[in-house]
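*Asks:* I have a structure here, written as structure tokens, and I will follow up with some questions on it.
The values are calculated or read from the model by the stated rules, or taken from the named source; none is laboratory data. Worth saying up front: this structure is predicted, and the values here are computed from it rather than measured. Reconstructed Cβ throughout: ideal geometry from the backbone, glycine too, with neighbour counts over all protein chains shown. Heads up: the accessible areas ignore ligands, DNA and RNA and are worked out on the full protein's heavy atoms, side chains in. Shrake-Rupley method; radii C 1.70, N 1.55, O 1.52, S 1.80 Å.
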Amino acid sequence: MTIDPSHFGPYLSLGLLVAGSANRSVATLLAEIRNAVFSGRPNSEQGEPRSVHAVEKFTNASVEGKGFVYRVRDTPSWWRGPAISTPTGARHDSPVLNDVLHLVLVVKCARWIAVYTSHPSDWGRIVRAVEDGSVTKVKPMPADLINGAFTHSTWAMPTVWMKGLHHPVQTKADSKQLTGLNVRSVIDQFGDQTYHFSSGRSRVPLGVDDYESIGLSPSKHRIWLGQSADFADFCARTEWVLKLLSGASAVAAPIAELAQPLGSLDKLGVPDEIGWAPQGERELWTSEAADAFALLERVSLDLDTTDSKIIEDDDTGDRTVHMVVHLVAQGAPITDVMLEIRYPQASNSVALRVVPAGQTDELDDYEQAIETILVEEGWGKIRYSDGHVVSGRVAYLPHYSAVPFTGWEWVDFTTPRPVDVTKEKPTRLGATDRRAADLSRIGEMGDDSLFSWAYDRWGEGRPGLLLCDDGSGEIADFLHLAPLDEDGESLLTFIHAKGGKSGDPDRGLSASEYEVVIAQAIKNLAYAEPEAIAAKLRALSANARVWNEEDPGLDAAGFADELLRRGRKIRRRVVVLHPHTLRGQYEIDTGGAAPNLRGRHAQLSTLLLEAEATCRSVGAQFSVIGADL
């Protein structure tokens with residue numbers, strides 16, 4: 001049976017393709033798309049999808065199109081009956097099924113093609129089929145052309161979704177959604193520079209005081225305009241979209257203040273880290289994403305860089321690196337997955353794929369889950385030591401501050417006692433495992449830990465009160481309450497210590513070394529008020545050690561009492577004691593430095609400047625103690 005499309009009024013959510021020629025046949029393209037849509041269905045569907053109706057060929061002004069309606073049998077999301085779950089979380093053999101009809105339309109205007117799919121996973125299948133060559137003579141619409149067609153620096157953007165390129169920390173959102181009259185005016189040029197544009201809404205002018213609000217997701221090659229009034233409206237607005245694309249100039253990213261995609265992939269080498277985080281509301285995930293997440297949610301990814309190297313193709317100039325990804329659960333390895341990362345010379349998008357184990361082209365459960373999460377959904381992030389980050393498939397270099405952080409205190413860690421800068425806490429005598437901490441040895445002769453260095457600096461024979469609050473729920477590793485100054489105020493110092501991974505005298509700069517301790521320091525500013533500190537010390541830190549020159553028997557409750565006696569005249573200071581950074585490595589002429597060193601310097605400066613700004617926002621000073629070498 002053939003359906004007259006005049007009865008349709010689809011929601012205007014369109015995937016975008018561009019053909020090599022205006023002569024690309026709609027009928028042939030639709031047949032290839034049908035094959036792509038029918039293959040690789042989600043596990044929640046039972047049986048093969050079946051074509052039910054063809055959609056009559058239609059024309060409207062300069063567009064032409066065809067389509068079809070198909071039926072699937074879908075397990076309801078609420079069904080949890082017997083024999084429903086495999087180890088991967090896939091549903092099968094359900095006696096309770098929905099019959100669901102879905103629509104696919106292909107609309108062409110010259111070389112420019114819009115595809116409407118009502119099933120949430122179909123567009124992803126079509127894109128994969130284009131990339132593997134089973135849908136031919138077309139390619140996904142380039143992201144920079146979508147940006148160029150539907151955004152302009154003078155056009156308002158009322159909504160923007162941004163994804164973070166920084167490591168996940170408790171003090172900074174992984175992603176952001178901003179809304180307003182024009183979000184361009186509220187971007188934080190300092191705090192938002194480690195985010196990249198993901199999707200948004202733009203007001204495209206139609207005339208004087210008239211505009212079309214259009215949503216765009218360039219990395220997914222999609223746009224949306226809302227509900228169509230009828231099929232003529234659907235065709236007219238789709239034609240308008242395709243004509244805008246035909247005259248568009250490339251724009252790398254809509255918002256200049258955010259991280260920008262790289263123009264080429266020449267600077268990408270062997271990556272350092274890999275990770276992933278789910279995006280968006282779970283209810284909006286595809287079935288494939290939900291199944292992959294069910295398998296991977298208790299697993300961490302560990303990228304093995306051992307013996308990895310870049311291999312260059314002599315014919316194309318493309319470069320490829322194969323990486324082993326260890327899947328780890330509760331510290332124990334589960335399995336390994338081989339990831340191929342390719343840097344095409346003629347593209348600015350990284351090509352990712354999971355390499356099947358053995359001689360088969362079929363992916364096993366874990367391999368398919370990694371393929372879905374990292375490649376198809378684009379939830380993965382691949383990080384490089386020079387600051388580059390691949391988010392989804394696009395490579396970025398976040399904007400890092402060229403202004404150096406000046407709040408350093410450089411210290412000689414060979415005096416008054418020699419300190420092992422990799423050793424955070426004292427350990428039990430004779431213990432070889434550094435997790436065997438013995439805080440009773442803080443300050444003991446011969447101990448070479450950073451905790452004992454802190455005791456030498458703020459405790460032994462010094463005025464004021466020093467408390468070690470190390471442990472679960474700590475405010476800081478140490479709190480130091482100085483005597484009253486001339487203005488009747490007291491300085492309260494929060495000291496956060498962290499041992500470095502390396503004591504090598506030539507160790508380089510590293511922002512990642514500081515991310516955890518900085519996040520901890522900023523998070524604990526919630527305890528910055530004396531009343532909150534006192535309550536926490538009494539409830540959770542009754543056995544904390546206290547050193548006081550005037551009252552050697554003082555305990556945590558006494559520290560809390562003294563803090564409250566000082567009233568509200570407390571000045572606060574956050575000190576990060578982490579000697580990984582060497583003065584000689586940081587105090588350099590960045591203008592003449594190698595690009596890698598310049599990038600690492602900017603990353604570290606940005607991280608510390610952001611922490612300093614956060615501390616200042618609550619009236620606290622911030623400083624970092626590094627090694628004077």
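*Asks:* Quickly run through region 561-586 and pick out the residues that are within 26 Å of His399 (Cα to Cα) and free of Cβ contacts under 8 Å to residues at least 24 places away in the same chain.
*Replies:* Selection gives nothing.
*Asks:* Of the residues Val394, Val389, Val403, Val421, only one is on the phi < 0 side of the Ramachandran plot and in contact with a Leu (Cβ under 6 Å, 6 or more places away or on another chain); which?
*Replies:* That would be Val389, the only listed residue that is on the phi < 0 side of the Ramachandran plot and in contact with a Leu (Cβ under 6 Å, 6 or more places away or on another chain).
*Asks:* Moving on to the next point. Within region 222-235, count every residue that is in a helix (DSSP H, G or I) and over 20 Å from Leu17 (Cβ atoms).
*Replies:* Qualifying residue count for the region: 3.
*Asks:* Do you know which of the residues in region 54-78 that are surrounded by fewer than 18 Cβ atoms within 10 Å (Cβ to Cβ) and part of a loop (DSSP other than H, G, I, E, B) is farthest from the chain's Cα centre (by Cα)?
*Replies:* The selected residue is Ala61.
*Asks:* State which residue pairs qualify: first residue free of Cβ contacts under 8 Å to residues at least 24 places away in the same chain and inside region 146-170, second residue open to solvent by less than 30 Å² (accessible area, probe 1.4 Å) in any location, beta carbons under 6 Å apart, and separation of 6 or more residues or different chains.
*Replies:* none
*Asks:* Which ranges mark the strands (runs of 3 or more DSSP E) fully within region 380-428 that have 1 or more residues being open to solvent by 40 Å² or more (accessible area, probe 1.4 Å) and among the acidic types (Asp, Glu)?
*Replies:* Output list reads 408-411.
*Asks:* Separate question: From Asp272, Asp291, Asp266, grab the single residue that is more than 20 Å from the chain's Cα centre (by Cα), surrounded by fewer than 19 Cβ atoms within 10 Å (Cβ to Cβ) and farther than 23 Å from Gln189 by Cα. It would help to see each step written out before you state the result.
*Replies:* Details: Asp272 fails: more than 20 Å from the chain's Cα centre (by Cα); Asp291 fails: surrounded by fewer than 19 Cβ atoms within 10 Å (Cβ to Cβ).
Result of the check over Asp272, Asp291, Asp266: Asp266.
*Asks:* Could you please give the count of residues in region 107-123 that are in contact with a Leu (Cβ under 7 Å, 6 or more places away or on another chain) and either open to solvent by less than 10 Å² (accessible area, probe 1.4 Å) or hydrophobic (A, V, I, L, M, F, W, C) (or both)?
*Replies:* 5
*Asks:* Do any residues in region 548-560 that are closer than 12 Å to Pro463 by Cβ have Cβ atoms under 7 Å from those of residues that are assigned to a strand (DSSP E or B), where the two are at least six apart or on different chains, and which pairs are they?
*Replies:* Asn548/Leu465
*Asks:* Something else about it: Can you confirm whether region 39-48 contains a residue that is among the polar types (S, T, N, Q) and free of Cβ contacts under 8 Å to residues at least 24 places away in the same chain?
*Replies:* Initial filter on region 39-48 (among the polar types (S, T, N, Q)): 39, 43-44, 46.
Adding the requirement that they be free of Cβ contacts under 8 Å to residues at least 24 places away in the same chain leaves none.
Scanning region 39-48, I find no residue that is among the polar types (S, T, N, Q) and free of Cβ contacts under 8 Å to residues at least 24 places away in the same chain, so the answer is no.
*Asks:* Further question: What residue, among those in region 340-379 that are assigned to a loop (DSSP other than H, G, I, E, B) and under 17 Å from Leu301 (Cβ atoms), is most open to solvent (accessible area, probe 1.4 Å)? Reasoning before the result, please.
*Replies:* Of region 340-379, the ones assigned to a loop (DSSP other than H, G, I, E, B) are 344-348, 350, 356-364, 377-379.
Pick out the ones that are also under 17 Å from Leu301 (Cβ atoms) and you get 350, 357, 363-364, 377-379.
Numbers: Val350: 3, Ala357: 60, Leu363: 47, Asp364: 76, Glu377: 37, Gly378: 13, Trp379: 10 Å².
If we take residues in region 340-379 being assigned to a loop (DSSP other than H, G, I, E, B) and under 17 Å from Leu301 (Cβ atoms), then Asp364 is most open to solvent (accessible area, probe 1.4 Å).
*Asks:* Is there any pair with a first residue in region 203-217 that is touching a residue at least 24 places away in the same chain (Cβ under 8 Å) and a second that is open to solvent by 80 Å² or more (accessible area, probe 1.4 Å) and of a type outside the set (Gly, Ala, Ser) whose Cβ atoms are under 8 Å apart and which are 6 or more apart or on different chains, and what are they?
*Replies:* Filtered contacts from region 203-217: Arg203/Tyr211; Val204/Tyr211; Pro205/Tyr211; Glu212/Leu206.
*Asks:* Let me ask something additional. In region 557-574, what residues are of a type in the set (A, V, I, L, M, F, W, C) and within 16 Å of Ser490 (Cα to Cα)?
*Replies:* Residues satisfying the conditions are Phe559, Ala560, Leu563, Leu564, Ile570, Val574.
*Asks:* Could you list, in sequence order, the residues of region 45-70 that are within 18 Å of Val100 (Cβ to Cβ) and in contact with an Asp or Glu (Cβ under 6 Å, 6 or more places away or on another chain)?
*Replies:* Glu45
*Asks:* Working carefully through the options Glu312, Glu297, Glu283, find the one that is open to solvent by 30 Å² or more (accessible area, probe 1.4 Å), free of Cβ contacts under 8 Å to residues at least 40 places away in the same chain, in contact with a Lys or Arg (Cβ under 6 Å, 6 or more places away or on another chain) and at negative phi.
*Replies:* Residue meeting the stated conditions: Glu312.
*Asks:* Next up: Those residues that are modelled with pLDDT under 90 and either among the hydrophobic types (A, V, I, L, M, F, W, C) or buried (at least 18 other Cβ atoms within 10 Å of the Cβ) (or both), I need them from region 571-603; list them, please.
*Replies:* Across region 571-603, the qualifying residues are Ile588, Ala593, Ala594, Leu597, Arg598, Gly599, Arg600, His601, Ala602, Gln603.
*Asks:* Let me ask you something else. Condition check: assigned to a loop (DSSP other than H, G, I, E, B), surrounded by fewer than 18 Cβ atoms within 10 Å (Cβ to Cβ), acidic (Asp, Glu) and touching a residue at least 40 places away in the same chain (Cβ under 8 Å). Does Asp433 satisfy that?
*Replies:* No: the conditions fail for Asp433.
*Asks:* For region 45-53, check the following and say yes or no: at least one residue is surrounded by 15 or more Cβ atoms within 10 Å (Cβ to Cβ), at pLDDT 85 or above and within 27 Å of Gly9 (Cα to Cα).
*Replies:* There is at least one residue in region 45-53 that is surrounded by 15 or more Cβ atoms within 10 Å (Cβ to Cβ), at pLDDT 85 or above and within 27 Å of Gly9 (Cα to Cα).
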